[in-house]
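Report on the following structure.
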Amino acid sequence: MKKILLVEDDPFLIDIYTTKLREENFEVVVADDGDKALEFVEKEKPDLVLLDIVLPNKDGWEILKEIKAKNKKIKVIILSNLGQKEEVEKGLNLGAEKYLIKSNFTPSEVVEEIKKLI
Ligand SMILES: [Mg+2]
């Protein structure tokens, strides 16, 4: 079973994505702040990180940098409300496999994007 680390601080989205991913037979671990995200990347060795940007403690940019500095094999999809061109470019330049803007993707579509990668 492939393991997803969901890094998200919105309880509503945590609920939706956790339910959806488990239905699709992914193992899901949730981190609701930046410190936990980095701790769980080490401890849980996820196949993919679904990463929010605006988070308590450490933001998604910092988390992405640290993930890619440590283990380039862990795939990262950014899922954020931030949708400016500069933000998308920044995410991809820092090594994210994909940058999805929350308002443009349903949970089912996000799952499809995940399945293309792992
Ligand atoms: Mg957030």
| Would a scan of region 79-95 turn up a residue that is in a strand (DSSP E or B) and of a type in the set (S, T, N, Q)? | yes
| said: Filter region 89-101 down to the residues that are surrounded by fewer than 18 Cβ atoms within 10 Å (Cβ to Cβ) and more than 21 Å from PHE40 (Cα to Cα) and list them by number. | reply: GLU89, LYS90, LEU92, ASN93, ILE101
| task | Kindly indicate the residue of region 51-70 that is within 14 Å of the chain's Cα centre (by Cα) and aliphatic (A, V, I, L, M) and also nearest to VAL111 (Cα to Cα) among those meeting that condition. | result | LEU51
| query | Looking at (1) closer than 15 Å to GLU113 by Cα; (2) not in a helix (DSSP H, G or I), which is the only condition VAL30 fails? | reply | (1)
| How many residues does region 42-57 hold that are of a type outside the set (A, V, I, L, M, F, W, C), on the phi < 0 side of the Ramachandran plot and out of contact with any Leu (no Cβ under 7 Å at 6 or more places or on another chain)? | 4
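Can you give me the number of residues within region 39-66 that are within 16 Å of the ligand (Cβ to nearest atom) and assigned to a helix (DSSP H, G or I)?
From region 39-66, those within 16 Å of the ligand (Cβ to nearest atom) are 49-64; that's our starting set.
Those still in the list that are assigned to a helix (DSSP H, G or I) too: 60-64.
Counting residues in region 39-66 that are within 16 Å of the ligand (Cβ to nearest atom) and assigned to a helix (DSSP H, G or I) gives 5.
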| message | Tell me whether region 71-83 contains one or more residues that are surrounded by fewer than 17 Cβ atoms within 10 Å (Cβ to Cβ), over 12 Å from the mean Cα position of the chain (by Cα), on the phi < 0 side of the Ramachandran plot and within 16 Å of the ligand (Cβ to nearest atom). | response | yes
| note | Of the residues in region 9-27, those that are surrounded by 15 or more Cβ atoms within 10 Å (Cβ to Cβ) and either without any contact (Cβ under 8 Å) to a residue 60 or more places away in the chain or part of a helix (DSSP H, G or I) (or both) come to ASP9, ASP10, LEU13, ILE14, ILE16, TYR17, THR18, LYS20, LEU21
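No lab work stands behind these numbers, since they all come straight from the coordinates. All values derive from a computational prediction rather than experimental measurement. Positions of Cβ are generated from backbone atoms using ideal geometry, with glycine treated the same way; all protein chains shown enter the neighbour counts.
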